[in-house]
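A quick write-up on the structure given underneath.
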Amino acid sequence: MKVSVCSNRPILSPCGLKDIKYQVDTYVGCEHYCYYCYALAQAETDWSKKILIHNDIVDHLSKALDKIPPQTIYMGYHTDPYQPCESEYLQTRKVLELFFKKGFSASILTKSDLIIRDIDILKEMNDAAVSVSVAFNDNQTRRLFEANTMDTDKRIEALHQLKEAGVRTGALLCPIIPHITDAIQLIDILEPYADVIWVYGLNINDRSDQNWLTIQKILNSQFPDLIEQIESVIFSKNHSYWANLRENLEILKKDQKLNLNIHI
Ligand code: SF4
């Protein structure tokens, strides 16, 4: 993987999430290279080969933070802050140290257990939150759709350690791939360690979408018996598959009193 310094550009940017005004992407690009990633369509580089890092991220971000009051900043919107190169480049660690020094906090989404390294800062921050995203029940299937991510059980163990350290935790089940992702089983595994769980389906608008073409290739070669069923569910928001899953999730939510947010 080649890592290059990118041209100067704003590091702090507006965030579209409810209750969070700003976000920071510590990298430009994401080595995890999930084939369903919505950000792949706008990628500046081929993420399987090249990732960009900000020049002097601390100095630039420090100046931007001085213009706003201390608050929670989101990390993990367009790129994963704990992708493999973070272990060498420490961009995310440096940003968290800066946040802590200036009285800011962080809300982080990741697919990596590298976040355990930073529990020391996160537990000292005012109300930091960490969510892990998970979409596959076994690692063999995960590897088909996420070229370079961490094992699912390692992510869950990271969530466990974060919760034990007193950090607010969440799990994002995304994307639910019909007939492949067993959402009920994943919720059962994640629920002891996640204060809140969100569930989202695979979001692909039409059949010409590059992400769909890539996923279609995987389905054709690995799930030839299921591809027709999967395709019909993905492109029909009113399909009975979604209705049944929604109903089962609502029952689970009620019976187990889960903080479950269903968006399918
Ligand atoms: S980890 Fe997130 S940002 Fe990175 S490729 Fe996967 S979906 Fe995209």
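The values are calculated or read from the model by the stated rules, or taken from the named source; none is laboratory data. Computed from a prediction, not measured in an experiment: that's the story for all the values here. Note: ideal-geometry Cβ built from the backbone for every residue, glycine included; neighbour counts use all protein chains shown. Ligands, DNA and RNA are stripped out before the accessible areas are found, and what is left, the full protein with its side chains, is counted by its heavy atoms. Shrake-Rupley method; radii C 1.70, N 1.55, O 1.52, S 1.80 Å.
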(message) For a quick check of your reading of the model, give me the residue pairs whose first member lies in segment 32-45 and is closer than 16 Å to Q83 by Cβ, whose second is near the ligand (Cβ under 9 Å from one of its atoms) and modelled with pLDDT under 90, with beta-carbon atoms closer than 6 Å and at least 6 apart or on different chains.
(response) Y33/A147
(request) Please enumerate the residues belonging to segment 12-55 that are among the polar types (S, T, N, Q), within 13 Å of the ligand (Cβ to nearest atom) and at pLDDT below 95. (result) Q42, T45, S48
(message) Quick check on A64: is it under 16 Å from the mean Cα position of the chain (by Cα), closer than 21 Å to G16 by Cβ, away from the ligand (no atom under 16 Å from the Cβ) and open to solvent by less than 70 Å² (accessible area, probe 1.4 Å)?
(response) no
(request) Can you confirm whether segment 217-228 contains a residue that is acidic (D, E) and over 21 Å from the mean Cα position of the chain (by Cα)? (result) yes
(request) Residue by residue through segment 186-231, note down the ones that are more than 15 Å from Y35 (Cα to Cα) and touching a strand residue (DSSP E or B) at 6+ places or on another chain (Cβ under 8 Å). (result) L186, I187, L190, E191, Y193, A194, D195, V196, I197, W198, V199, Y200
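Conditions (1) hydroxyl-bearing (S, T, Y); (2) touching an Asp or Glu at 6+ places or on another chain (Cβ under 7 Å); (3) without any contact (Cβ under 8 Å) to a residue 12 or more places away in the chain, marked per residue:
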{"position": "N137", "(1), (2), (3)": "no, yes, no"}
{"position": "E146", "(1), (2), (3)": "no, no, no"}
{"position": "K163", "(1), (2), (3)": "no, no, no"}
{"position": "A183", "(1), (2), (3)": "no, no, no"}
{"position": "G201", "(1), (2), (3)": "no, no, no"}
{"position": "L213", "(1), (2), (3)": "no, no, yes"}
(message) Test of understanding: among I108, I116, which residue is at pLDDT 95 or above, open to solvent by 40 Å² or more (accessible area, probe 1.4 Å) and either hydrophobic (A, V, I, L, M, F, W, C) or in contact with a strand residue (DSSP E or B) (Cβ under 9 Å, 6 or more places away or on another chain) (or both)?
(response) I116
(request) May I ask you to list the residues in segment 28-52 that are more than 14 Å from the chain's Cα centre (by Cα) and under 13 Å from Y77 (Cβ atoms)? (result) V28, Q42
(message) With the requirement that a residue be more than 12 Å from I197 (Cβ to Cβ) and under 22 Å from the mean Cα position of the chain (by Cα), what does segment 247-264 give you?
(response) I264
(message) Just to verify a result, which residue in segment 137-153, among those that are more than 16 Å from the ligand (Cβ to nearest atom) and part of a helix (DSSP H, G or I), is farthest from the chain's Cα centre (by Cα)?
(response) Q140
(request) Working only within segment 213-233, note down all residues that are touching a helix residue (DSSP H, G or I) at 6+ places or on another chain (Cβ under 8 Å) and either under 16 Å from P175 (Cβ atoms) or open to solvent by less than 70 Å² (accessible area, probe 1.4 Å) (or both). (result) I215, Q216, I218, L219, F223, L226, I227, I230, E231, V233
(request) Say whether the condition of being of a type in the set (S, T, Y) and part of a helix (DSSP H, G or I) is met by at least one residue in segment 154-175. (result) no
